[in-house]
Amino acid sequence: MRNNSNDVSTLDELLTLSHELNPGAEKKAARSRLMAWRKTFTGPPRRAAEAAIGARVEPVLRALRERVPAPVVAVFCPIRGEPDLRAHYARWRDAGFALALPVTPAGPAPLQFALWPQDAVLRPDAFGVPTPVERMICLPDALLIPCLGFAQGAWRLGYGGGFYDRTLAAAEAGEAGWAGAPLAIGIAFDAAQWPALPHEPHDRPLAMIITERRTLLREPSARTAGVDGGAAEG
C-alpha cells in the first residue's frame, strides 16, 4: 500500500517534478505557447506597451549614468515579434548613451557587441539579426535583452540558443575581456510571464525584467548580473 504522506498531491509539486524530469520539454512547450501569443498581440495595444516599456527603461539608464560617466548600452533590433524600442534609441543617443548591437557567433560561444553609430549600415547576420557592417567590438555596461517569456526572480526564457546565458557566464567569470558583469535588463511584454520556468545549470537570472506595467527585480538569493537584488515593484 502507498504511503499517502509521500504522494505528490499538489499542483506545485507536480510542476516541480515535471520540471526536474524534463526541463527542456517544459521550456519547449512554453516557447510554443508564448510565440503563438505574440502573434496575436498587435496594433495599438502593442505600440502602447512598447512605448511604456521604453519609458520604464529610461530611469534605469539614468541611474546607470550616475555610476558610469559614458555608458555603453547594448540594445537590439527586434525579430520574431520582440518588443520594438527603436523609437527610443535616438533619444538615448542624444542623452549621451553609446549604443551597441549583439553579434551572434557561428557556434556555442558568448555574444560579442559592436558599437552602433547613428549612421552605421546594418546587415542581417546568419540568424537574421541586424548588425553593423563595420564592427567596433566593445564591452557594454548594460544589456537590454529581449525575453520571449519570464518568471518571478527575473528568470528569462529565450529561444533556446543560450547566447545570452553564455555571455553573462563569461562576464561573471571575467572571461572574454569582461572585467565584471554588465547590468542585464530583460525586456518583455507583461503577459509573457510564465508561472514556473525550470532552471537548468547554464541558466542565468537577469538583474531585472522590465515590462509595460512593472519592473521585476531578481531575488536576492539568485545569481546576479550587475545589481543588488530586491522585490518586485510596480
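The values are calculated or read from the model by the stated rules, or taken from the named source; none is laboratory data. Source: prediction; values computed, not measured. With ideal geometry, Cβ positions are generated from the backbone for all residues, glycine too; neighbour counts draw on all protein chains shown. Just the protein is used for accessible areas: all its heavy atoms, side chains included, with ligands, DNA and RNA removed. Shrake-Rupley method; radii C 1.70, N 1.55, O 1.52, S 1.80 Å.
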Check your understanding: Across the range 172-201, which residue is most open to solvent (accessible area, probe 1.4 Å) among those that are small (Gly, Ala, Ser) and modelled with pLDDT under 95?
Key -> ALA179
Review point. Would the range 206-219 turn up any residue that is in contact with an Asp or Glu (Cβ under 7 Å, 6 or more places away or on another chain), at pLDDT below 95, assigned to a loop (DSSP other than H, G, I, E, B) and open to solvent by less than 40 Å² (accessible area, probe 1.4 Å)?
Key: no
Exercise for review: Please state which of the following conditions CYS77 fails to meet, knowing it meets all the rest: (1) in contact with a helix residue (DSSP H, G or I) (Cβ under 9 Å, 6 or more places away or on another chain); (2) open to solvent by 60 Å² or more (accessible area, probe 1.4 Å); (3) not polar (S, T, N, Q).
Suggested key: (2)
Review point. In this structure, is PRO102 under 18 Å from the mean Cα position of the chain (by Cα) and open to solvent by less than 50 Å² (accessible area, probe 1.4 Å)?
Key: yes
Revision key, fill the gap. Those residues of the range 96-130 which are of a type outside the set (Gly, Ala, Ser) and over 30 Å from GLU66 (Cβ atoms) amount to THR104, PRO105, PRO108, VAL121, LEU122, ARG123, PRO124, ASP125, PHE127, VAL129, PRO130
Exercise for review: Please indicate, with yes or no, whether at least one residue in the range 71-78 is in contact with a strand residue (DSSP E or B) (Cβ under 9 Å, 6 or more places away or on another chain), of a type in the set (Gly, Ala, Ser) and within 17 Å of PRO140 (Cα to Cα).
Suggested key: yes
Practice item. Among what's in the range 117-160 and is open to solvent by 40 Å² or more (accessible area, probe 1.4 Å) and of a type in the set (Gly, Ala, Ser), pick the residue that is nearest to ALA36 (Cα to Cα). Key: GLY160
Check your understanding: When VAL60 is evaluated against the numbered criteria (1) open to solvent by 10 Å² or more (accessible area, probe 1.4 Å); (2) over 21 Å from LEU216 (Cα atoms); (3) among the aliphatic types (A, V, I, L, M), which criterion, by number, is the only one it fails?
Key -> (2)
